[in-house]
Structure formats: C-alpha cells, structure tokens
C-alpha cells in the first residue's frame, strides 16, 4: 500500500481544522478532551461531526470528557515519522472509559514505553503543546494499571438482501487484459506505461483503439502522493485517439476495483460498448527521483479528511493504520507471525513461476521471521513491494463475447458494500474490516458459495490483509484464518484454495490489486503457464481497513 511521507518540519503534522473539528482542537490547546455529544442519546462523536450517527439527532453539545481509557490495540513503529521523533515509538488505539464508542489513535509518550505497553493497559490522555496555537493529544501509560482488556467482540459481519434475476454483471464481460512492463525504477512516465497496457488489452480483446468508447481509472489524476495516481483519463484518451461516450475516474467506492464496477454498470446501462479501464503507478521511479534530488518531495500537511485523525498523531503510513488490526487479531485469536509467514512464502513460491514478478529468489521461514520490523507485528516481508507498472482491461457488452478472439471472463457478482461505520479505527471489532461488507454484498448477488471458488486472488498490501479476506469471504470462520493458512498447504498451488498464484503484491509487486485481477483472468482463461490451476471460478479482492471491493469471476461457458 502507498505511504504518506513524514513531515520534514519539526513537530507533528498539523490538522486542517474544520467547522466540525474546531472545538476538539481548541480543547486540546486548553488541555481538555472535548468532543460533541448527542443531547438525545448521549452518543459521543469521534471524529466530530454535525449529526449523531446513532439517533440520528442534530442536537449536539460539546462535552468535556475524563481523559482515561484502555489500549484497544497498538503498534510499535520502527520507521521515523519526522526528524525530531526518535524511533521506535508506539501508536496506541485508546478506547475511552467515559465513551467506549470512541477510539482515538494516539502516540504514546515517553517513547521508551514501547517495550512495556500492552493491549488492555490503562492510559491517561495528556496534551503535548507544540506552540501557543497547537497541542496534540498523547497517551500517557498509568503506572501499575496493566491488563484487564474488555475483550469485547462485536463481530462486524453484515447481511444484505438477496439479489436475483437480471443483473448488470451478466450484461458485461472482461474481454481483454494487458499489462506494461513491471519493475523497480523503470524511469518511464505514467502515460507511457499506461499506453503499453491499454494497447495490449485492446489487442487482446481483438479490438482497435477506435472501438473503445468508454474509459475509467482509479483513483483519478492528482490523488495521493506523486507517482500514485496515474495519468488523467483525458491524457490517455488523447494519446490513443479515443472518441468517448462515457468516462469516469475516482478514489471513492469499492476500493481499487471501483472503476471495473463503474465500467460494468456503464456497459450494462448502454452508455458505452467497450470500456478501457486502467490502473497505473510509478511510485518506485518517483521515490528514486526524490532520493536523487531530481524531484522535490511534496509539501506535507495540513492533514485533512480522514488523515486529520491520524497524521497529527504520528500515524503517517498505512502500516501505522493497519498494523493495529493485525495486533488485535493476534491478541484475540492467537494468530502468529509464522502463520502470516505462510502467506508470504506462498506468494514468493508462486512469484518464482511468474514471468515479470519482481521478487523471485527463494524465501525461507527463518528469513521471513528475521526480517526487520516496520510497525509491529508487521515486518519488512509482510509488506508489498513498490513497483512501476500499469494494468488495463477492456469491459465489453456480453453479447460481443462470441466475437472475441479469445475466451472472455464473465462477471458473476460484484462486492461493493461497507455496512459499518467507514473509519480506520472506529469499527465495532478491529479483527475484521470493510471486507466483511464487500463480501456480504457479493455473496448476496450469486447462488455460488465459497466452496465453488477454485482460486483466490486476495489483496495483500500487507500479509495479514489476505488472511482477513479469507475470513470475510467465508473460506474459514472468523478468527480461524491463522490455522487455515498455517503451513501453507491449503493455499499452495496444489491446495484446496490456491492463493495469489502470480505472487500477489508481496512478491509480484504493488499494483494496487490489479495484478491480482489480471492473474484471475489468466487463470480462468487457462493462460497462467507454469502455475495454472484448474479454475472455473475465481474471486478477486482489493482494499484494507475501511476500503474494500471484490469480484466473483467465472470462465466463459
């Protein structure tokens, strides 16, 4: 997963204060924990907002809260957030005594507490004054107040009404798949790589650029740090000489698969006939350019949107945001690093069979366990590999499938749901995530079941995300993901559920889930030479935390 750069300035990243959050930050400056509370039901809002999500009532009033609570989860960061903050340091998710519905992501002080603090320990929220205008809350461990985790488990599974009859999924197919070169520091432009992938996908579909009348992309130009977003759809359309009836790009929705879903809906609704959909990143090239001084790092802050409640607390990368999920799963279910290692070793073994994968040298469990820590319990080999590359697909009307030069991939069901409060750390139970909602909507749109799936391509921006997806999709019970993957037998090429057969992102390279989509298509088309499994049904997922989407794909009959 992509990362935000730490601040080059002294002190934490400052928030972009809004009309909703100004009372909270003013309270911090005064040394008071102040949040809006509902006058009708008593619910305390964090992050602050204008309406109670429980009632919903607009009758809110500021409330000064007793600043004590327990550690719900935590991670020890071994990477610096800023030059003046020594590592390692601890980030804790603190559940308030006075309002258990509130979980705050806070840096723990002093820094040497990383060796002692544990889930369930009590803390008091203090305030670190940066200057006269800005103070940031921090968690101070309370001496002699260890243990006692509430261990409340409010499983975040949701259900959705069954969908039957005619579905837009059945009116569209994936007609072509293409990919550019994939590698480290390719030093090529986003547009250059995208054109390669697009032309390959169009040719694979037996089409010419002039046949393409729709285009979509994730996440849309200008979103995220440099190198992350890929080129604007207008640039790609102009480069290829496309005449478009429909176009779309954006970051919100069912994770990185949202533009595929958008294209299916557009094709099924008659807005276009053949939609080119792509995802491109040159994060590796940009990082190299910044290290060489060819490109200046982007300015950092102020932190707005969801990052207002993460970056000022020195939780500055997705590893910081997601590692507490893994830590909570370990705490609650006894999941081990060796079990997560089975996912990493499986990915590496599969990458060795996959042309273009970036990490192909043999990997042992001892090497995995000895890799350097990033944000506990995540170590280097739990993290995906940043690369440059572009992947493209063509989504076409299903009635054109018979005219394709090769087999089409049919879209059986799309998983788009959330179902829970979409926040990084406010889920009822951090041993699950938005994957539960996405999976529930997908299974509600098909008569197929997890037992029908032959191969799984599950998002592995971090190793444990694939484990969470296995649970969310129903391949094992909630909490049983560790035993399911232990030893790697079940998820190997010859196992009951081959996982990430192209190496995933852990060894194939970080293509933000689109390498997984391409691999699913190759498997269903019988084109995954050297790693082919007998696959008629495949599932693909992307996303972690509050971001999730999934697709159930089938071999064309």
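Scanning the range 280-288 turns up at least one residue that is crowded, with 24+ Cβ neighbours inside 10 Å, touching a helix residue (DSSP H, G or I) at 6+ places or on another chain (Cβ under 6 Å) and touching a residue at least 40 places away in the same chain (Cβ under 8 Å).
Could you go through the range 292-301 and let me know if any residue there is farther than 29 Å from residue 482 by Cβ, at pLDDT 95 or above and over 16 Å from the mean Cα position of the chain (by Cα). Checked the range 292-301: no residue is farther than 29 Å from residue 482 by Cβ, at pLDDT 95 or above and over 16 Å from the mean Cα position of the chain (by Cα).
Inclusion of residue 328 among residues that are in contact (Cβ under 8 Å) with a residue 12 or more places away in the chain, surrounded by fewer than 17 Cβ atoms within 10 Å (Cβ to Cβ) and either assigned by TED's automatic domain parsing to the domain that holds residue 466 or closer than 22 Å to residue 111 by Cα (or both) is not warranted. Between a residue in the range 532-554 that is in contact (Cβ under 8 Å) with a residue 40 or more places away in the chain and on the phi > 0 side of the Ramachandran plot and any residue that is buried (at least 24 other Cβ atoms within 10 Å of the Cβ) and assigned to a loop (DSSP other than H, G, I, E, B), which pairs come within a Cβ distance under 7 Å, given they are 6 or more apart or on different chains? The qualifying pairs are 543/434; 543/459; 545/424; 545/433; 545/434.
Take residue 535 and decide whether it is assigned by TED's automatic domain parsing to the domain that holds residue 464 and more than 29 Å from residue 423 (Cα to Cα).
Judged against the criteria, residue 535 is a match.
In the range 399-426, the qualifying residues are those that are modelled with pLDDT of 95 or more and not in a loop (DSSP other than H, G, I, E, B), and the one that is nearest to the chain's Cα centre (by Cα) is 415. If you go through the range 427-446 and keep only what is over 25 Å from residue 308 (Cβ atoms), out of contact with any helix residue (DSSP H, G or I) (no Cβ under 7 Å at 6 or more places or on another chain) and part of a helix (DSSP H, G or I), you end up with 438, 440, 441, 442, 443.
Of the set (1) under 26 Å from residue 385 (Cα atoms); (2) touching a residue at least 40 places away in the same chain (Cβ under 8 Å); (3) in contact with a helix residue (DSSP H, G or I) (Cβ under 8 Å, 6 or more places away or on another chain); (4) not in a helix (DSSP H, G or I), all apply to residue 298 but (3). Restricting attention to the range 249-273, the residues that are surrounded by fewer than 22 Cβ atoms within 10 Å (Cβ to Cβ) and over 18 Å from the mean Cα position of the chain (by Cα) total 6. Considering the conditions (1) surrounded by fewer than 22 Cβ atoms within 10 Å (Cβ to Cβ); (2) within 30 Å of residue 427 (Cα to Cα); (3) in contact (Cβ under 8 Å) with a residue 40 or more places away in the chain, residue 188 is excluded by exactly one of them, (2).
The values are calculated or read from the model by the stated rules, or taken from the named source; none is laboratory data. Being a predicted model, the structure only gives us computed values, none of them experimental. Counting neighbours? That spans all protein chains shown, and the Cβs are built from the backbone with ideal geometry, glycine included.
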